[in-house]
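Okay, so here's the structure we're looking at.
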Amino acid sequence: MSVNIIYSILCFLMLHVMVWFSTNLQFVDASWTEKSFWITLALAIPTSFAAYYGSRFGYAALGESVWGVRFLAFAISYLTFPLMTYYFLGESMFTLKTMSCIILSCVILFIQFFL
């Protein structure tokens, strides 16, 4: 596994954590409802940088495949979102639909890394 794939995964993890907070912080607590818009604005540029560099590193690591980068970003998002939603909002990720999607995301990652 190349160092570029590790950098890409880290960038996409940061990206999806920031996107989660940008879109869902307003639901965490009533005190965050009005502040969440300003946090979204503050995270806009770092989120864009994380997407840019995640794509750049992923493209280099996955044989110059934009499709590979897309699937990697998707799989990372589907691993990040359920965990954060469960932790911050208490919504269970242990439903048949969600667990099936998480397993499929792991399969997508496996395909991108090893095939």
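The values are calculated or read from the model by the stated rules, or taken from the named source; none is laboratory data. Here the structure is a predicted model, which means the values were calculated and not measured. A quick note on method: Cβ atoms are made from the backbone with ideal geometry, for glycine too, and the neighbour counts reach across all protein chains shown. The protein model used for the area step is the full one, side chains on, heavy atoms only, and it has no ligands, DNA or RNA in it. Shrake-Rupley method; radii C 1.70, N 1.55, O 1.52, S 1.80 Å.
Numbers for the structure displayed
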item: Relative contact order computed over the chain (Cα-Cα under 8 Å; 6+ residues apart), in percent; result: 31 percent
item: Per-q log10 I(q)/I(0), the chain, q = 0.18, 0.19, 0.21 Å⁻¹ (Debye; single scatterer per alpha-carbon; no solvent); result: -0.93, -1.00, -1.11
item: Whether region 38-99 is rounded, prolate or oblate, judged on the alpha carbon gyration tensor where a/c under 1.5 counts as rounded; result: oblate
item: Probe 1.4 Å, accessible area per residue of the chain, Å²; result: 65 Å²
item: Simple spin-label estimate for Ser31 and Glu64 in nanometres, 7 Å along Cα-Cβ; result: 5.3 nm
item: Heavy atoms of Tyr59: accessible area, 1.4 Å probe, square angstrom to 10; result: 90 Å²
item: Simple spin-label estimate for Ser48 and Ile6 in nanometres, 7 Å along Cα-Cβ; result: 3.0 nm
item: Cys11, Cys101, ranked by accessible area, largest first (probe 1.4 Å); result: Cys101, Cys11
item: C-alpha center-to-center spacing [region 1-46, region 63-115] in angstrom; result: 16 Å
item: Positive-end extreme of charge dipole, the chain - chosen from Ser31, Phe21, Leu89 (charges on Cβ); result: Phe21
